Amino acid sequence: MKNSARPIGIFDSGLGGLTVFKALRALLPAENLVYFGDTARVPYGTKSPAAVIAFSREIAGFLLKKKIKLLVVACNTASSLALEEIRKVSRVPVLGVIAPGVEAALKAAPSGGVVLVIGTSATVNSRAYSRALAAAGARVKVLEKACPLFVPLVEEGWCSKPVAAMIAREYLAPFRKKKVDALILGCTHYPLLKNIIARVMGPGTRIVDSARVTAADARAELERRGLLNGGGKGRSEFIVSDAPERFSGLALKLLGIKTGKVAVKRF
Ligand code: DGL
């Protein structure tokens, strides 16, 4: 196989990374993509760092055997806790979603402004965003809030039910008083709740999703290495660790993605 024809590997704990998959597919229509959703072990956000690192290394190893040319960790929890560990075992470049989220937030929030990061408990506890914003020289006040019920809501397909709005209000309404300039969707499941979150926060808050910047970073990385796939329509392959029909049904219902047959890989 030509080097440039090798696929891009993408993984998440479940459905959330499909928001990144969609951005990659839109920007890079000729690329072959292989997506892994760890549906047997979702959610990652309530697990220990050691567990998230072990799962991530297993999945990276599996995708590397599929001869990928680039690995996109389409999960904020794994990007926060396991990126360095994955890089240690990977012979291909590895991109996470934290740096792209920070890059997008810096464009959305003015200097001296307030940035609210929402994510899983594991991501918030890791303070990965606060550290990355500080390292990028951001002169903003950073607030962080874990919203652990958002992932099960999405995995249940309940993105536009009244209960989703109720839970979003409970988590976020107190932040309206703090005049938040930008809110980072620090979990790849959360873009599926974007409208509800935007409504709770009000028009003064810009909602930042890292998917598009992640896709742009992936293109830049491939371009730099001369690995962009030219012409034609790229293939998409989907693999999960459990319940493939459920994954396929929700991908279509929530994101309009037609997965075709979803394979199963158990660890
Ligand atoms: N979508 C993932 C993230 O971006 C993981 C959510 C979870 O499994 O808890 O953090």
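The values are calculated or read from the model by the stated rules, or taken from the named source; none is laboratory data. No experiment lies behind these values; they were computed from the predicted model shown. No Cβ is skipped: glycine too gets one built from the backbone with ideal geometry, and neighbour counts run over all protein chains shown.
Output yes when any residue across the stretch 209-218 is touching a residue at least 40 places away in the same chain (Cβ under 8 Å), within 18 Å of the chain's Cα centre (by Cα) and assigned to a loop (DSSP other than H, G, I, E, B), and no when none is. Yes, there is a match, as at least one residue in the stretch 209-218 is touching a residue at least 40 places away in the same chain (Cβ under 8 Å), within 18 Å of the chain's Cα centre (by Cα) and assigned to a loop (DSSP other than H, G, I, E, B).
With respect to the conditions (1) at pLDDT below 95; (2) part of a helix (DSSP H, G or I), LEU153 falls short on a single one, namely (1). Taking residues in the stretch 1-21 that are farther than 16 Å from PRO43 by Cβ and at pLDDT 95 or above, and partners anywhere that are charged (D, E, K, R) and within 16 Å of the ligand (Cβ to nearest atom), the pairs with Cβ atoms closer than 9 Å and at least 6 places apart or on different chains are VAL20/ASP12; PHE21/ASP12. Selection of the stretch 42-76 for residues being among the basic types (Lys, Arg) and crowded, with 19+ Cβ neighbours inside 10 Å yields LYS47, LYS69.
Restricting to the stretch 253-262, name every residue that is without any contact (Cβ under 8 Å) to a residue 40 or more places away in the chain and either over 25 Å from ALA30 (Cβ atoms) or surrounded by 12 or more Cβ atoms within 10 Å (Cβ to Cβ) (or both).
THR259, VAL262
With respect to the stated conditions, VAL34 is buried (at least 18 other Cβ atoms within 10 Å of the Cβ), among the β-branched types (Val, Ile, Thr) and more than 12 Å from the chain's Cα centre (by Cα).
Those residues that are touching a residue at least 24 places away in the same chain (Cβ under 8 Å), in contact with a Pro (Cβ under 9 Å, 6 or more places away or on another chain) and either more than 16 Å from the ligand (Cβ to nearest atom) or closer than 14 Å to PHE267 by Cβ (or both), I need them from the stretch 43-94; list them, please. Residues satisfying the conditions are LEU63, LYS66, LYS67, ILE68, LYS69, LEU70.
Within the stretch 215-235, being touching a Ser or Thr at 6+ places or on another chain (Cβ under 9 Å) and buried (at least 19 other Cβ atoms within 10 Å of the Cβ) holds for LEU222, LEU227, ASN229.
Looking only at residues in the stretch 95-123 that are of a type in the set (Val, Ile, Thr) and buried (at least 24 other Cβ atoms within 10 Å of the Cβ), the one that is farthest from the chain's Cα centre (by Cα) is VAL115.
When VAL180 is tested against (1) within 14 Å of the ligand (Cβ to nearest atom); (2) of a type outside the set (Gly, Ala, Ser); (3) over 28 Å from GLY37 (Cβ atoms), just one condition goes unmet, and that condition is (1).
For the structure I just gave you, tell me whether VAL200 is aliphatic (A, V, I, L, M), assigned to a helix (DSSP H, G or I) and either touching an Asp or Glu at 6+ places or on another chain (Cβ under 7 Å) or surrounded by fewer than 14 Cβ atoms within 10 Å (Cβ to Cβ) (or both). Show your work before the answer.
On the way: aliphatic (A, V, I, L, M): yes; assigned to a helix (DSSP H, G or I): yes; either touching an Asp or Glu at 6+ places or on another chain (Cβ under 7 Å) or surrounded by fewer than 14 Cβ atoms within 10 Å (Cβ to Cβ) (or both): no.
So VAL200 does not fit the description; no.
Condition check ((1) farther than 16 Å from ILE8 by Cβ; (2) outside any loop (DSSP other than H, G, I, E, B); (3) not aromatic (Phe, Trp, Tyr)) across all residues:
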| residue | (1), (2), (3) |
| --- | --- |
| PRO29 | no, no, yes |
| THR39 | yes, no, yes |
| THR46 | yes, no, yes |
| GLY61 | yes, yes, yes |
| THR77 | yes, yes, yes |
| ILE86 | no, yes, yes |
| LEU116 | yes, yes, yes |
